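The next block holds one structure in the form of structure tokens; read it before the comments.
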Amino acid sequence: MPEQTKNDLAEKHRRQLVMLNEVSKQLQGLIASENLYREIVKIIQEHFQYYHLSLWTVDNEKTATLQAHDGAYNQFLQPGFQMHGEGIIGHVIKTEAPYLSNDIAHDSTFTSLSMPSETKSSLCVPVAMRDHGLKALINIESIHEGAFDADDLHVMTSVAAQVSLALNNALLFNEINDFNQHLKRAIQEKTQEL
């Protein structure tokens, strides 16, 4: 491998690790965010600047619901849009494994959803939540063929693990808040009885 290629690769790895560290720190601070999904997408996109980035939740019926996104499809897709097993997102839901396609023009799994698209490469990773299984997906797209490699897959898998932690923390925070409100009501009721 030529020296310049080695240096470029080492620099790419260094940048990815720095960005992953920053993303991890920021995601862990989102416990009480009003719009958690939008904040997650904003943090990831701020650091990685993908052609398109989307965060989907997955329900028990394996339906994917778009929660937040940024990039090329902002004018075509709105949060709440649902997919029922179609495309790469549907494939990741079925397999619960990451999917990388560096030439979507020749990938029968990809679907453009009948929207204008310059996407050439796509990477989708599952977000599994503790004790809940697959609950979300992160999908990234590039206008460059061959844009993603094994390093990108590892980085996005790590980002997905951090997103899982952030979602779990927010869930626990909400459960504690709900329990706290329940206790306050119970104390008020008992106080009034006395």
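The values are calculated or read from the model by the stated rules, or taken from the named source; none is laboratory data. Because the structure is a prediction, the values reported are computed rather than measured. FYI the Cβ positions are ideal-geometry reconstructions off the backbone, even for glycines, and counts take in every protein chain you see. Just the protein is used for accessible areas: all its heavy atoms, side chains included, with ligands, DNA and RNA removed. Shrake-Rupley method; radii C 1.70, N 1.55, O 1.52, S 1.80 Å.
If you take the beta carbon distance between Thr109 and Asn74 as r and set R0 to 25 Å, what does 1/(1 + (r/R0)^6) give as a FRET efficiency, to the nearest 0.05? With R0 = 25 Å, the Cβ-Cβ based efficiency is 0.60. Ranking Phe179, Phe148, Phe81 from most to least accessible surface, computed with a 1.4 Å probe over the protein chains only, gives Phe179, Phe81, Phe148. Rounded if a/c is under 1.5, else prolate if a/b is larger than b/c, else oblate: which is region 35-131, with a ≥ b ≥ c the root eigenvalues of its Cα gyration tensor? Note, shape of region 35-131 comes out rounded.
In the calculated pair-distance distribution of the chain, the portion above 28 angstrom amounts to 32 percent of the Cα-Cα pairs. Taking every DSSP bridge with both residues inside region 59-176, close to 100 percent are antiparallel.
Note that region 175-192 has calculated 3J(HN,Hα) couplings of 4, 5, 4, 4, 5, 4, 5, 4, 5, 4, 5, 5, 5, 4, 4, 5, 5, 5 Hz, one per residue in order, obtained from phi through the Karplus relation 6.51 cos²θ - 1.76 cosθ + 1.60 (θ = phi - 60°); glycine and proline are x. Accessible surface calculations at 1.4 Å, restricted to protein heavy atoms, place the chain at 57 Å² per residue.
Placing pseudo-labels 7 Å out from each Cα toward the beta carbon at Gln181 and Asn35 gives an inter-label distance of 2.1 nm.
Within straight-line reach of Lys42, meaning a Cα separation under 22 Å, sit the following lysines at least 8 residues removed in sequence or on another chain: Lys12, Lys25, Lys135. Between region 46-69 and region 97-149, the C-alpha centres lie 10 angstrom from each other. What's the carbon and sulfur percent of the chain's accessible surface, probe 1.4 angstrom, rounded to a whole number? Looking at the chain in its full context, I get 52 percent from C and S.
Tyr50 sits among other residues whose Cβ lies under 14 Å from its own Cβ, and their net charge, with Lys and Arg +1 and Asp and Glu -1, is -3. Computed with every protein chain present, the accessible area of Tyr51 is close to 60 Å² [probe 1.4 Å].
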